[in-house]
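Novice: Before we start, here is the structure in question, set down as structure tokens.
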Amino acid sequence: MVERAEAPLLRTDGDSAGRNKFWAIVLAGGEGIRLRPLIRRLFGEDRPKQYASLVGSRSLLRATLDRVALKVPLDKTVVVTSRWHAQYAAAEFTADPTPRLLIQPRDIGTAAGVLFPAYWVRHQDPEAVIAVFPSDHFILDESAFMNHVEEMAVFAGRHPDRPFVVAGGGFAGVETIAGINDFIHQALRFYPHIPREMVRTILVHPGEVILPELSEKLGRYAERKLRERGVEIILKTKVSCVTDTGVCLSDGSEIDAATIIWTAGTQPNPLLKTLPCELEKGRVRVDSFLQVPGWPGVWAVGDCASCPIRRPASSIRPRPSTRCGRAVVWHAISWPSSAAPRRSHSRTGCSASSPRSGGARASQTS
């Protein structure tokens, strides 16, 4: 059983301004659609997964609350759920003391699930530093995790004006920076004491145009729209290192940042260099069916594969992995057979498809 903290442990090394200002928001209003078949099989009902015991004897929500209690007291812990979950919440919070419980009329997404309690906390404590915790995560080393959360809370309390930096301007990076920027600026109306110019979101991309998976025209259009919304975009520059205080860029400049999100891709596994098959930029070369040329019955997907596309001198990694995986499995179990798979191509990638799968597109990830 995890011991509950008797008092806030937000250490500020003598800075009393941040003491007792650490709050936690626990998101418990989701419906758990993806795990519903498993929950129904285990419990015989469609209860949300956060109220289910999947690992150990505690529910995922209880495990989250015990984890949060290592650093945040119950009177500064806010659980947001929905009215439909009332029966499960009542069973979860049968003994005192209990956290503060906010009930939404219905689940309308994560953004509202965060803004609703954040606005409530702001009304209670205008100087609060808030950490948001999903209630459906499994954390193995809870103490190390909460120590890190505490360090970030101290940093955020001392440097509220540090920007958000996203490295990589592909699909994932553009979607991430746009979501962060929209979310923050929508929330600013609830915090009139925070100047709009204090909030900065920065996208760093090594190419001349963002969204290299698409045409240059679409990339320029997306860049213009992001800039209109206040996103700062740094092109033809790479993030060379990440430090405790921010990021270093390939042009020698530095950005002081509290949040750095990496979407610029990963290096292929060095083990691939030991394989006898043909490699392209460190990845296994595959054809439009994700099959390794010269090696019948061998396929490659994910970060280890390099798939040719129509544009000259370009290669991509297949995605989404689940659809590519299904296509490869179909080819594997039907190989060798006389029923050849349909070959289909995409301007931005290659496709592997079968008469039953309907196709699995491979496209670039950032």
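Novice: Among Ala86, Ala63, which is the only one that is farther than 28 Å from Arg189 by Cβ, at pLDDT below 85 and either in a helix (DSSP H, G or I) or of a type in the set (Phe, Trp, Tyr) (or both)?
Specialist: Ala86
Novice: Would you point out which residue out of Arg62, Arg58, Arg67, Arg83 is surrounded by 15 or more Cβ atoms within 10 Å (Cβ to Cβ), without any contact (Cβ under 8 Å) to a residue 40 or more places away in the chain, closer than 28 Å to Ala128 by Cα and of a type outside the set (Ser, Thr, Tyr)?
Specialist: The unique qualifying residue is Arg62.
Novice: Out of the residues in region 119-143 that are over 20 Å from the mean Cα position of the chain (by Cα) and of a type in the set (Gly, Ala, Ser), which is nearest to Asp244 (Cα to Cα)?
Specialist: Out of the qualifying residues, it is Ser143.
Novice: Hey, Ala222 hits all of (1) assigned to a helix (DSSP H, G or I); (2) touching a Leu at 6+ places or on another chain (Cβ under 7 Å); (3) exposed (fewer than 13 other Cβ atoms within 10 Å of the Cβ) but one; which does it fall short on?
Specialist: All conditions pass for Ala222, except number (3).
Novice: Which one of these is part of a loop (DSSP other than H, G, I, E, B) and modelled with pLDDT under 95: Asp244, Asp182?
Specialist: None of the other options fit; the residue is Asp244.
Novice: Within the group Thr243, Thr259, which residue is more than 12 Å from Cys304 (Cα to Cα), of a type in the set (S, T, N, Q) and free of Cβ contacts under 8 Å to residues at least 24 places away in the same chain?
Specialist: Thr243
Novice: Among the residues of region 252-277, which ones are in a loop (DSSP other than H, G, I, E, B), surrounded by 14 or more Cβ atoms within 10 Å (Cβ to Cβ) and over 23 Å from the mean Cα position of the chain (by Cα)?
Specialist: Hits for region 252-277 are Leu275, Cys277.
Novice: Okay, moving on. Of all residues being within 30 Å of Gln267 (Cα to Cα) and among the β-branched types (Val, Ile, Thr) in region 153-177, which is surrounded by the fewest Cβ atoms within 10 Å (Cβ to Cβ)? Just the residue, please.
Specialist: Thr176
The values are calculated or read from the model by the stated rules, or taken from the named source; none is laboratory data. Computed from a predicted structure; not experimentally measured. For neighbour counting, all protein chains shown are included, and Cβ atoms are generated from backbone atoms with ideal geometry for every residue, glycine included.
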